[in-house]
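A short write-up of the structure that comes next.
The values are calculated or read from the model by the stated rules, or taken from the named source; none is laboratory data. Quantities reported herein were computed from a predicted structural model and do not represent experimental measurements. We place every Cβ from the backbone using ideal geometry, glycine too, and count neighbours over all the protein chains shown. Just so you know, the surface numbers come from the protein's heavy atoms only, side chains and all, with ligands and any DNA or RNA stripped out. Shrake-Rupley method; radii C 1.70, N 1.55, O 1.52, S 1.80 Å.
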Amino acid sequence: MNDLLVTRHGRVETWTMNRPAVRNALDQSLVARLREALTSAESIGADVVVLRGEGPSFCAGADLSLLANHDRASAQTPRNHLSAIWDLTLAIEHSPVVFVAVLHGHAIAGGLELALACDVVVAATGTLIGDGHVRHCLLPGGGASARMERTLGRGASAWLALTGKFLPADDPVFAPWLRSVVPPTELDETVAAIVTSLTDVSATARASYKQLLDETHGSLSASDRDRELDAFDRHWLANDVPSALRAFLTKTREAS
(Lines give C-alpha, C1' and ligand atoms only; values in the text may rest on other atoms or scores of the structure.)
Protein backbone atom coordinates (compact mmCIF):
# COMPACT_ATOMS: atom_id res chain seq x y z
CA MET A 1 0.00 0.00 0.00
CA ASN A 2 1.22 3.49 -0.89
CA ASP A 3 1.83 5.18 2.47
CA LEU A 4 1.56 8.71 1.05
CA LEU A 5 -1.08 9.74 -1.47
CA VAL A 6 -0.32 12.91 -3.44
CA THR A 7 -2.86 14.71 -5.61
CA ARG A 8 -2.29 17.95 -7.49
CA HIS A 9 -4.69 20.63 -8.72
CA GLY A 10 -2.75 23.37 -10.42
CA ARG A 11 -0.15 24.63 -7.94
CA VAL A 12 -1.88 23.12 -4.90
CA GLU A 13 -1.02 19.65 -3.66
CA THR A 14 -2.79 17.48 -1.10
CA TRP A 15 -0.70 14.94 0.76
CA THR A 16 -2.58 12.23 2.60
CA MET A 17 -0.63 10.04 5.01
CA ASN A 18 -1.98 6.58 4.31
CA ARG A 19 -1.26 4.21 7.20
CA PRO A 20 -4.76 4.21 8.72
CA ALA A 21 -4.37 0.91 10.60
CA VAL A 22 -1.71 2.53 12.83
CA ARG A 23 -3.20 6.05 12.83
CA ASN A 24 -0.59 7.18 10.30
CA ALA A 25 2.32 6.52 12.66
CA LEU A 26 5.58 7.80 11.22
CA ASP A 27 7.81 4.94 10.15
CA GLN A 28 10.96 5.32 8.06
CA SER A 29 9.16 4.80 4.76
CA LEU A 30 6.48 7.44 5.41
CA VAL A 31 9.02 10.02 6.56
CA ALA A 32 11.13 9.37 3.44
CA ARG A 33 8.08 9.70 1.21
CA LEU A 34 7.16 13.02 2.82
CA ARG A 35 10.66 14.36 2.18
CA GLU A 36 10.53 13.19 -1.43
CA ALA A 37 7.15 14.83 -1.90
CA LEU A 38 8.48 18.12 -0.51
CA THR A 39 11.45 18.08 -2.87
CA SER A 40 9.08 17.45 -5.78
CA ALA A 41 6.63 20.17 -4.69
CA GLU A 42 9.40 22.75 -4.46
CA SER A 43 10.85 21.71 -7.81
CA ILE A 44 7.55 22.32 -9.63
CA GLY A 45 6.87 25.58 -7.78
CA ALA A 46 3.83 24.45 -5.76
CA ASP A 47 2.13 27.24 -3.83
CA VAL A 48 0.35 25.27 -1.10
CA VAL A 49 0.48 21.77 0.35
CA VAL A 50 -2.50 20.50 2.34
CA LEU A 51 -1.34 17.79 4.77
CA ARG A 52 -3.96 15.28 5.93
CA GLY A 53 -4.28 11.80 7.38
CA GLU A 54 -6.32 8.88 6.09
CA GLY A 55 -8.56 6.91 8.47
CA PRO A 56 -9.43 7.71 12.07
CA SER A 57 -6.60 10.16 12.83
CA PHE A 58 -4.26 12.78 11.43
CA CYS A 59 -1.14 11.22 12.96
CA ALA A 60 -0.39 9.42 16.22
CA GLY A 61 3.34 10.17 16.16
CA ALA A 62 6.41 8.05 15.56
CA ASP A 63 5.77 4.33 15.06
CA LEU A 64 6.14 2.94 18.58
CA SER A 65 6.62 -0.62 17.33
CA LEU A 66 9.71 0.57 15.47
CA LEU A 67 11.08 2.23 18.62
CA ALA A 68 10.22 -0.78 20.78
CA ASN A 69 12.31 -3.07 18.61
CA HIS A 70 15.54 -1.30 19.48
CA ASP A 71 17.81 -3.40 21.65
CA ARG A 72 18.75 -1.42 24.73
CA ALA A 73 21.73 -3.70 25.38
CA SER A 74 23.32 -2.56 22.11
CA ALA A 75 23.53 1.04 23.40
CA GLN A 76 21.82 2.21 20.22
CA THR A 77 18.94 4.64 20.16
CA PRO A 78 16.41 5.40 17.39
CA ARG A 79 18.16 8.73 16.83
CA ASN A 80 18.52 8.28 13.06
CA HIS A 81 14.76 7.90 12.61
CA LEU A 82 13.97 10.81 14.90
CA SER A 83 16.58 12.96 13.20
CA ALA A 84 14.82 12.28 9.89
CA ILE A 85 11.53 13.48 11.43
CA TRP A 86 13.26 16.59 12.79
CA ASP A 87 14.82 17.32 9.40
CA LEU A 88 11.41 16.91 7.75
CA THR A 89 9.86 19.48 10.09
CA LEU A 90 12.75 21.89 9.47
CA ALA A 91 12.30 21.47 5.71
CA ILE A 92 8.55 22.18 6.01
CA GLU A 93 9.17 25.21 8.19
CA HIS A 94 11.83 26.70 5.90
CA SER A 95 10.11 25.80 2.60
CA PRO A 96 8.69 28.58 0.39
CA VAL A 97 5.62 26.34 0.02
CA VAL A 98 2.82 27.16 2.47
CA PHE A 99 1.71 24.13 4.50
CA VAL A 100 -1.84 23.72 5.76
CA ALA A 101 -2.29 20.92 8.31
CA VAL A 102 -5.79 19.45 8.59
CA LEU A 103 -6.25 17.69 11.93
CA HIS A 104 -8.84 15.10 12.89
CA GLY A 105 -9.05 12.23 15.34
CA HIS A 106 -5.65 12.48 17.00
CA ALA A 107 -2.68 14.78 16.46
CA ILE A 108 -0.28 13.65 19.15
CA ALA A 109 3.47 13.35 19.74
CA GLY A 110 5.04 13.33 16.26
CA GLY A 111 1.67 14.25 14.78
CA LEU A 112 1.62 17.41 16.88
CA GLU A 113 5.24 18.07 15.92
CA LEU A 114 4.35 17.86 12.23
CA ALA A 115 1.43 20.24 12.70
CA LEU A 116 3.55 22.73 14.67
CA ALA A 117 5.91 22.99 11.69
CA CYS A 118 3.06 23.95 9.34
CA ASP A 119 1.98 27.51 8.59
CA VAL A 120 -1.80 27.21 8.94
CA VAL A 121 -3.60 24.58 11.03
CA VAL A 122 -7.29 23.69 11.10
CA ALA A 123 -8.99 20.95 13.08
CA ALA A 124 -12.24 19.06 13.19
CA THR A 125 -14.18 19.31 16.42
CA GLY A 126 -13.41 16.33 18.62
CA THR A 127 -9.77 16.16 17.56
CA LEU A 128 -7.49 15.31 20.48
CA ILE A 129 -4.18 17.16 20.50
CA GLY A 130 -1.24 16.56 22.80
CA ASP A 131 2.44 15.88 23.29
CA GLY A 132 2.06 12.52 25.00
CA HIS A 133 5.71 11.46 25.10
CA VAL A 134 5.93 11.09 28.86
CA ARG A 135 3.04 8.59 28.75
CA HIS A 136 5.51 6.11 27.26
CA CYS A 137 8.66 7.08 29.19
CA LEU A 138 9.82 9.06 26.15
CA LEU A 139 11.22 12.50 25.46
CA PRO A 140 10.31 14.30 22.23
CA GLY A 141 12.40 13.68 19.15
CA GLY A 142 10.60 15.67 16.46
CA GLY A 143 10.77 19.24 17.72
CA ALA A 144 8.14 19.56 20.45
CA SER A 145 10.56 21.04 22.97
CA ALA A 146 11.60 23.70 20.47
CA ARG A 147 8.25 24.59 18.90
CA MET A 148 5.50 24.00 21.44
CA GLU A 149 6.32 26.84 23.83
CA ARG A 150 6.89 29.45 21.13
CA THR A 151 3.53 28.52 19.56
CA LEU A 152 1.29 27.86 22.58
CA GLY A 153 3.06 29.73 25.38
CA ARG A 154 4.81 28.51 28.51
CA GLY A 155 1.79 27.47 30.56
CA ALA A 156 0.03 25.43 27.91
CA SER A 157 3.18 23.79 26.60
CA ALA A 158 4.39 22.85 30.09
CA TRP A 159 1.03 21.24 30.90
CA LEU A 160 0.96 19.24 27.67
CA ALA A 161 4.63 18.23 27.96
CA LEU A 162 4.75 17.29 31.63
CA THR A 163 1.39 15.49 31.92
CA GLY A 164 1.16 13.88 28.49
CA LYS A 165 -2.55 14.74 28.45
CA PHE A 166 -4.56 15.19 25.27
CA LEU A 167 -6.92 18.15 25.00
CA PRO A 168 -9.77 18.71 22.52
CA ALA A 169 -9.06 21.09 19.66
CA ASP A 170 -11.61 23.61 20.95
CA ASP A 171 -9.76 23.97 24.27
CA PRO A 172 -8.79 27.66 24.72
CA VAL A 173 -5.07 26.79 24.91
CA PHE A 174 -5.09 26.14 21.16
CA ALA A 175 -7.01 29.29 20.19
CA PRO A 176 -3.92 31.36 19.23
CA TRP A 177 -2.64 28.54 17.02
CA LEU A 178 -5.58 26.93 15.22
CA ARG A 179 -7.04 28.94 12.35
CA SER A 180 -10.41 27.18 12.63
CA VAL A 181 -12.08 24.39 14.57
CA VAL A 182 -15.13 23.21 12.64
CA PRO A 183 -17.45 20.18 12.51
CA PRO A 184 -16.02 17.33 10.41
CA THR A 185 -18.68 17.91 7.76
CA GLU A 186 -17.39 21.47 7.24
CA LEU A 187 -13.68 20.63 7.19
CA ASP A 188 -13.24 20.30 3.42
CA GLU A 189 -15.13 23.54 2.73
CA THR A 190 -13.04 25.37 5.33
CA VAL A 191 -9.78 24.06 3.87
CA ALA A 192 -10.85 25.06 0.35
CA ALA A 193 -11.54 28.61 1.54
CA ILE A 194 -8.16 28.81 3.25
CA VAL A 195 -6.37 27.58 0.13
CA THR A 196 -8.21 30.18 -1.96
CA SER A 197 -7.15 32.96 0.40
CA LEU A 198 -3.52 31.80 0.23
CA THR A 199 -3.43 31.50 -3.56
CA ASP A 200 -5.20 34.81 -4.22
CA VAL A 201 -2.06 36.78 -3.35
CA SER A 202 1.34 37.21 -5.00
CA ALA A 203 3.24 33.91 -4.84
CA THR A 204 6.65 35.60 -4.64
CA ALA A 205 5.54 38.04 -1.93
CA ARG A 206 3.92 35.22 0.04
CA ALA A 207 7.07 33.08 -0.08
CA SER A 208 9.31 36.00 0.90
CA TYR A 209 6.99 36.96 3.76
CA LYS A 210 7.00 33.37 5.04
CA GLN A 211 10.81 33.50 5.13
CA LEU A 212 10.70 36.84 6.97
CA LEU A 213 8.24 35.48 9.55
CA ASP A 214 10.42 32.41 10.03
CA GLU A 215 13.49 34.54 10.67
CA THR A 216 11.65 36.97 12.97
CA HIS A 217 9.99 34.13 14.86
CA GLY A 218 13.34 32.54 15.62
CA SER A 219 14.32 30.17 12.85
CA LEU A 220 15.14 26.70 14.14
CA SER A 221 18.24 24.87 12.97
CA ALA A 222 20.29 21.70 13.27
CA SER A 223 21.58 22.88 16.65
CA ASP A 224 18.03 22.88 18.05
CA ARG A 225 17.57 19.38 16.63
CA ASP A 226 20.78 18.14 18.21
CA ARG A 227 19.95 19.63 21.61
CA GLU A 228 16.63 17.78 21.75
CA LEU A 229 18.03 14.52 20.36
CA ASP A 230 20.99 14.59 22.77
CA ALA A 231 18.51 14.77 25.64
CA PHE A 232 16.49 11.96 24.06
CA ASP A 233 19.59 9.78 23.84
CA ARG A 234 20.60 10.40 27.45
CA HIS A 235 17.14 9.51 28.69
CA TRP A 236 16.86 6.45 26.44
CA LEU A 237 20.22 5.03 27.54
CA ALA A 238 19.52 5.65 31.24
CA ASN A 239 16.10 3.97 31.19
CA ASP A 240 14.63 0.80 29.75
CA VAL A 241 12.34 2.63 27.34
CA PRO A 242 11.86 -0.28 24.89
CA SER A 243 10.37 -2.42 27.67
CA ALA A 244 7.88 0.34 28.54
CA LEU A 245 6.91 0.62 24.88
CA ARG A 246 6.50 -3.12 24.47
CA ALA A 247 4.30 -3.28 27.55
CA PHE A 248 2.10 -0.51 26.18
CA LEU A 249 1.82 -2.16 22.75
CA THR A 250 0.92 -5.51 24.32
CA LYS A 251 -1.76 -3.88 26.45
CA THR A 252 -3.15 -2.09 23.39
CA ARG A 253 -3.31 -5.27 21.36
CA GLU A 254 -5.05 -7.15 24.18
CA ALA A 255 -7.64 -4.40 24.54
CA SER A 256 -8.47 -4.30 20.84
With Cα atoms, 0 to 90° folded angle of helix 79-94 axis to the chain main axis: 20
So, in Å, what gap is there between the alpha-carbon centers of the range 23-46 and the range 216-237? 22
Angle check, please: helix 222-238 long axis (alpha carbons) against the longest principal axis of the chain (alpha carbons), in degrees 0 to 90, nearest 10. 20
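Compute the signed sum of charges (Lys and Arg +1, Asp and Glu -1) over the other residues within less than 14 Å, Cβ to Cβ, of residue 29.
-1
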Using the C-alpha gyration tensor of the chain, what are the square roots of 5 times its eigenvalues, in whole angstrom, with the largest one first? 29, 20, 18
Inter-label distance, nm, simple model (7 Å from Cα along the C-beta direction), residue 32/residue 91: 1.2
Projected onto the charge dipole of the range 166-256 (unit charges on the beta-carbon of Lys, Arg, Asp and Glu, signs +1, +1, -1, -1), the Cα from 239, 198, 177 with the largest positive-side position is that of 239
Show 177, 15 ordered by accessible area, largest first, where the area counts protein heavy atoms only and the probe is 1.4 Å. 177, 15
Could you state the angle between the C-alpha long axis of helix 154-163 and the longest principal axis of the C-alpha atoms of the chain, as a value from 0 to 90 degrees rounded to the nearest 10? 40
Which one of 15, 65, 100 is farthest out on the positive end of the charge dipole of the chain, using unit charges on Cβ (Lys, Arg +1; Asp, Glu -1) and the Cα centre as origin? 65
At what distance in nm do the modelled label points of residue 217 and residue 247 sit from each other, each positioned 7 Å from its Cα along Cα→Cβ? 3.8
When averaged across all projection directions, what area in nm² does the alpha-carbon convex hull of the range 1-150 cover? 9.1
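Suppose the chain between residue 171 and residue 84 were pulled fully straight at 0.36 nm per residue; how much longer would it get relative to their current alpha carbon spacing? Walk me through the intermediate numbers first.
On the way: separation 87, 0.36 × 87 = 31.32 nm, distance 3.08 nm.
Roughly 28.2 nm would be gained on extension.
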Could you check how much of the accessible area of the range 15-168 is carbon and sulfur, as a whole percent, using a 1.4 Å probe? 52
Just from the alpha-carbon atoms, what are the Rg and Dmax of the range 89-199 in angstroms? 13.6, 43
From DSSP H assignment alone, runs of 4+ in the chain each adding -39500 (n - 2.57), the sum over residues rounded to the nearest 500 puts [θ] at 222 nm at -15500 deg cm²/dmol
Equivalent ellipsoid dimensions for the range 180-256 as semi-axes, Å, which come from the Cα gyration tensor, largest first: 39, 27, 7
Taking the Cα centre of the chain as origin and charging only Cβ (+1 Lys, Arg; -1 Asp, Glu), how large is the dipole, in debye to the nearest 20? 420
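Between residue 230 and residue 39, 0.36 nm times their residue separation minus their Cα-Cα distance comes to what?
Here the segment from residue 230 to residue 39 would lengthen by 66.0 nm.
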If you take every DSSP beta bridge whose two residues both sit in the chain, what share of them, in percent to the nearest 5, is antiparallel? 30
